[in-house]
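*Asks:* Before I ask anything, let me first share the structure, which is written out below as structure tokens.
The values are calculated or read from the model by the stated rules, or taken from the named source; none is laboratory data. All of these numbers come straight from a predicted model, not from anything done at the bench. Here the Cβ is made from the backbone with ideal geometry for all residues, glycine too, and neighbour counts use every protein chain on show. Ligands, DNA and RNA are excluded from the accessible area calculation, which covers all protein heavy atoms including side chains. Shrake-Rupley method; radii C 1.70, N 1.55, O 1.52, S 1.80 Å.
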Amino acid sequence: MSRFVIYLHDATQHERIDEVTSFVAEDASGSFGIQAGHARMMTTLIFGLARYRRHQESWEYLALPGALLYFHDNQLYLSTRHYLRDHNYGRIMASMDSRLKQEEQALSEIKGSLQRMEDELFNRLRRIHHAGFE
């Protein structure tokens, strides 16, 4: 069976995974699979799990908060903010759930901070506007 290489890149690390026979992921149009010899393609993956298999081994899972995928000449490139990789489905799902909750909390804090900044800016503009009419 033909094989290909996966290159994983995130903000702090990169890995090369050799001898891959199959890769499965999901983009906005749905789930799809890639095997060696696949036509050139590029897509953006949605938040979730992707998986790949090396020759005669079990599936390995990748938890991704979205990623850019590019496949060409039996080389698959995945670029993302961060990723988690594990053979154990239950463990990676728990890790992904924990990471998602952390990101949602951080996003909520950022939104609150932006709202406070917007309110303060509006108040200052209103004071400037009223001061100009006195």
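*Asks:* Counting only residues that are open to solvent by 40 Å² or more (accessible area, probe 1.4 Å) and over 17 Å from Gln75 (Cβ atoms), which one in the range 2-26 is modelled with the lowest pLDDT? Even if it seems obvious, please write down each step before you answer.
*Replies:* Taking the range 2-26 and keeping what is open to solvent by 40 Å² or more (accessible area, probe 1.4 Å), we get 2-3, 7, 9, 11-16, 18-19, 26.
Imposing the further condition that a residue be over 17 Å from Gln75 (Cβ atoms) reduces the set to 11-13, 26.
Numbers: Ala11: 89, Thr12: 92, Gln13: 92, Glu26: 96.
Restricting to residues being open to solvent by 40 Å² or more (accessible area, probe 1.4 Å) and over 17 Å from Gln75 (Cβ atoms), the top hit is Ala11.
*Asks:* Out of Ser79, Ser113, Ser108, Ser95, which single residue is under 16 Å from the mean Cα position of the chain (by Cα) and over 29 Å from Arg40 (Cβ atoms)? So that I can check it myself, show each step before the final result.
*Replies:* On the way: Ser79 fails: over 29 Å from Arg40 (Cβ atoms); Ser113 fails: under 16 Å from the mean Cα position of the chain (by Cα); Ser108 fails: under 16 Å from the mean Cα position of the chain (by Cα).
Result of the check over Ser79, Ser113, Ser108, Ser95: Ser95.
*Asks:* Give the range 100-119 a look and list any residue that's modelled with pLDDT under 90 and among the aliphatic types (A, V, I, L, M), or say none.
*Replies:* Hits for the range 100-119 are Leu100, Ala106, Leu107.
*Asks:* I need the strands (runs of 3 or more DSSP E) fully contained in the range 27-134, keeping only those with at least 2 residues that are open to solvent by 80 Å² or more (accessible area, probe 1.4 Å).
*Replies:* Working: elements: 30-34, 41-54, 60-72, 75-79, 84-86.
In the range 27-134, 41-54 are the strands (runs of 3 or more DSSP E) which contain 2 or more residues that are open to solvent by 80 Å² or more (accessible area, probe 1.4 Å).
*Asks:* Cβ contacts < 9 Å: first residue among the small types (Gly, Ala, Ser), restricted to the range 55-66; second residue surrounded by fewer than 13 Cβ atoms within 10 Å (Cβ to Cβ) and outside any loop (DSSP other than H, G, I, E, B), any location; separation 6+ or different chain. Result?
*Replies:* These pairs meet every condition: Gly66/Thr44.
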